[in-house]
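What follows is one structure encoded as C-alpha cells, with my remarks underneath.
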Amino acid sequence: MSGLTLTIPVAALATLPVGLPQVIGGEFTWWLLPVTAGIALITPVIAFGLEMLALRCMTHTALGTLLSIEPAFGILIGVVVLAQQPTLMQLVGVTIVIVAGPRRSVAGAA
C-alpha cells in the first residue's frame with residue numbers, strides 16, 4: 001500500500017502539464033480542485049487495497065478469474081446505466097481479456 005501511495009502524486013505531477021492548460025482555458029471553480037484531488041487520490045488506493053485484501057483471502061486463480069471479468073462488468077454498467085453501445089472492437093477486446101485471464105492466473109501460480 002505504501003508504494004501505491006507514492007505513485008499517485010507522481011502520476012498527478014506527470015499529467016499536470018496536460019491537464020493544467022485545459023483548466024486554465026476553461027471555466028474553473030476553485031473548490032473543485034481539492035475535491036477532485038481527493039477523489040483522484042483515494043479511489044485507486046481503496047480499489048487496490050480491496051484487491052490486495054481479496055488476494056489474501058482467495059487463491060490466485062480465483063482472483064485472476066474475477067479480475068478478468070471486470071471489463072465485462074464495465075461494459076454492462078455502461079449499457080445499463082449510461083445507455084452506451086459497445087463497439088465490436090470493445091466486445092472483442094473484453095472477450096480476449098476474459099479468455100486469457102484464467103490461463104494467465106494458472107500459469108502465474110505455477
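The values are calculated or read from the model by the stated rules, or taken from the named source; none is laboratory data. Keep in mind that what you see is a predicted model, and the values were worked out from it rather than measured. As a convention, Cβ positions derive from the backbone with ideal geometry for all residues, glycine included, and neighbour counts pool all protein chains shown.
Return the residue satisfying two criteria in turn: it lies in the range 83-110 and is at pLDDT 85 or above and among the hydroxyl-bearing types (S, T, Y), and of such residues it is surrounded by the most Cβ atoms within 10 Å (Cβ to Cβ). Step by step, filter the range 83-110, then rank; the result is T95. Listed by first and then second residue, the pairs with beta-carbon distance under 6 Å, at least 6 apart or on different chains, first residue in the range 71-82 and over 22 Å from A100 (Cα atoms), second loosely packed, with under 13 Cβ neighbours inside 10 Å, are G78/Q84.
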